[in-house]
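Presented below is the structure to which this report refers.
The values are calculated or read from the model by the stated rules, or taken from the named source; none is laboratory data. Note that this is a predicted model, so its numbers are computed, not measured. Cβ placement follows ideal geometry from the backbone for every residue including glycine, while neighbour counts extend to all protein chains displayed. Only protein heavy atoms, including side chains, enter the accessible area calculation; ligands, DNA and RNA are left aside. Shrake-Rupley method; radii C 1.70, N 1.55, O 1.52, S 1.80 Å.
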Amino acid sequence: QNSTCVGLVYDKKIEEIIEASIMPSLRSKNIKLLAYPLGAKDHLLEPNDSIGEAAARSIDASVEILVGAGSGVICDLTKLIADSINRPFIILGTAASMNAYTSISGIITINKFKISKLLKICDSVIMDTTILAEAPVEMSRAGMGDLAARAICNADFRLSHLLKTTWF
């Protein structure tokens, strides 16, 4: 029986969490798990095009589906990688820090400018409440702020569209 090959994308900064909480549940006799840690334990990972492109090139051709385990940065990078290699992907959220898990775009830095880039939509989002509860409280507060701002920013985007004919 052939096993499904899964590529697991995550930030090295939270590698211990990934190894303890996520990898064991992904390992089974029907899953071949290939790990793709990004960044370094002592640096903040940034979702930029060079990291995304390098990661996309490193994905083994046998990978059938990507799993991004993390929050905003990993979510955006996994979207970029999946889009680049045309693979389905799942996001395993590790913090309720933002609302982009199901977004049609990712914030990617290209030539020192952050842009909102249209990317593949994830096939599923899974969030374990035990893992979310262990996330830093500042990340949960940021997520609440992101949620509260969503209604206001959509009104601003719509008003800009009506007054200035910007895209909405």
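If you scan the range 75-100, which residues turn out to be crowded, with 19+ Cβ neighbours inside 10 Å and not aliphatic (A, V, I, L, M)?
Within the range 75-100, 75, 76, 78, 79, 89, 93, 94, 97 qualify.
In the range 3-18, what residues are surrounded by fewer than 18 Cβ atoms within 10 Å (Cβ to Cβ), touching a strand residue (DSSP E or B) at 6+ places or on another chain (Cβ under 9 Å) and of a type outside the set (Val, Ile, Thr)?
3, 5, 12, 15
In the range 112-149, what count of residues is obtained for those that are in contact (Cβ under 8 Å) with a residue 60 or more places away in the chain and within 29 Å of residue 85 (Cβ to Cβ)? Please lay out each step first, then the result.
Kept after step one, since they are in contact (Cβ under 8 Å) with a residue 60 or more places away in the chain, are these residues of the range 112-149: 128, 130-131, 134-135, 139.
Checking which are within 29 Å of residue 85 (Cβ to Cβ) leaves us with 128, 131, 135, 139.
Residues meeting the conditions: 4.
Please verify whether residue 141 is more than 16 Å from residue 18 (Cβ to Cβ) and either open to solvent by 70 Å² or more (accessible area, probe 1.4 Å) or acidic (Asp, Glu) (or both), treating the condition exactly as stated. Reasoning before the result, please.
On the way: more than 16 Å from residue 18 (Cβ to Cβ): yes; either open to solvent by 70 Å² or more (accessible area, probe 1.4 Å) or acidic (Asp, Glu) (or both): yes.
So residue 141 passes the test.
Please go through (1) within 20 Å of residue 131 (Cα to Cα); (2) at pLDDT 95 or above; (3) out of contact with any Lys or Arg (no Cβ under 8 Å at 6 or more places or on another chain) for residue 37 and return the number of the only condition it doesn't satisfy.
Result: residue 37 fails condition (3) only.
Which of the residues that make up the range 106-144 are polar (S, T, N, Q) and modelled with pLDDT of 90 or more? Before the answer, list the steps.
Restricting attention to the range 106-144, the residues satisfying the condition of being polar (S, T, N, Q) are 109, 111, 116, 124, 129-130, 140.
Residues satisfying the conditions are 109, 111, 116, 124.
Within the range 111-130, track down each residue that is within 22 Å of residue 4 (Cβ to Cβ) and assigned to a strand (DSSP E or B). Spell out how you get there, then give the answer.
In the first step, residues of the range 111-130 are kept if they are within 22 Å of residue 4 (Cβ to Cβ); the result is 120-128.
Passing the criteria: 124, 125, 126, 127.
Across the range 19-40, what is the number of residues that are in contact (Cβ under 8 Å) with a residue 24 or more places away in the chain and hydroxyl-bearing (Ser, Thr, Tyr)? Talk me through it step by step, then tell me what you get.
Initial filter on the range 19-40 (in contact (Cβ under 8 Å) with a residue 24 or more places away in the chain): 21-22, 26, 29-40.
Those still in the list that are hydroxyl-bearing (Ser, Thr, Tyr) too: 21, 36.
Number satisfying all stated conditions: 2.
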